[in-house]
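J.: The structure's right below; bear with me while I get my questions together.
The values are calculated or read from the model by the stated rules, or taken from the named source; none is laboratory data. Bear in mind the structure is a predicted one, so any value in this text is a computation, not a measurement. Because the Cβ atoms are built from the backbone with ideal geometry, glycine has one as well, and the counts that use them run over all protein chains shown.
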Amino acid sequence: MSGKSKVDFYKIYAKAHNNASDLLSEAEILYEKGKYARAYFLAYTGLEEISKSQMAADVATRFIDEEVFWKHYSKHDSKLNGIQWAYIDANTPPYNKVWVGPDRDDVEGISASEPLWEKRQNSLYVDAMDGAIKSPKDEITEKDAREIMHILSTALYRIWEVSGEFGGNQIGTKGFMK
């Protein structure tokens, strides 16, 4: 028997979810300081953590097999594919509205761009291609950071909605994936 089979998937779910929430908080701090590239990176990483947490919850609730988790949990592309629901939700009413205050009616429509691996890479590394040098500051805009933070925020909110606040009492994707 491998050490993998002794893992408490509920704990993975909870810890990865909490880490995603922390990553969003830290991304917001960087965003407020004008550090958009790093804010983008942290929010993107938070989406990967949400994907991992939901996959672990699906194992804990026996919605998917443990081997599926071990096959995909450390692969960036698999985790990004597993979080597409958050991108869709972030672009769908009512989640595509962001309150900007001070009145209740002060909302801004948001049309979040799809999280891209290339943008994640561009948010960290200087790159030289075809005689051009690209830096994270030049590649990731305020809008990019705001949009991916919105996707992560939407994912956390949707999980909160289905995991109990509105009577869902369900962890994992089974609660909101139709």
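J.: Mind checking which residues of region 132-162 are of a type in the set (A, V, I, L, M, F, W, C) and more than 12 Å from Ala39 (Cα to Cα)? I'd like the intermediate steps shown before the answer.
T.: At the first step, the residues of region 132-162 found to be of a type in the set (A, V, I, L, M, F, W, C) are 132-133, 140, 145, 148-149, 151-152, 155-156, 159-160, 162.
Answer for region 132-162, where residues must be of a type in the set (A, V, I, L, M, F, W, C) and more than 12 Å from Ala39 (Cα to Cα): Ala132, Ile133, Ile151, Ala155, Leu156, Ile159, Trp160, Val162.
J.: Of the conditions (1) at pLDDT 95 or above; (2) within 20 Å of Glu147 (Cβ to Cβ), Gln84 fails just one. Which one is it?
T.: Result: Gln84 passes all but (1).
J.: Out of Tyr95, Tyr10, Tyr73, Tyr31, report the one residue that is touching a helix residue (DSSP H, G or I) at 6+ places or on another chain (Cβ under 7 Å) and at pLDDT 95 or above. Spell out how you get there, then give the answer.
T.: Working: Tyr95 fails: at pLDDT 95 or above; Tyr10 fails: at pLDDT 95 or above; Tyr73 fails: at pLDDT 95 or above.
Tyr31 is the lone residue from the list that is touching a helix residue (DSSP H, G or I) at 6+ places or on another chain (Cβ under 7 Å) and at pLDDT 95 or above.
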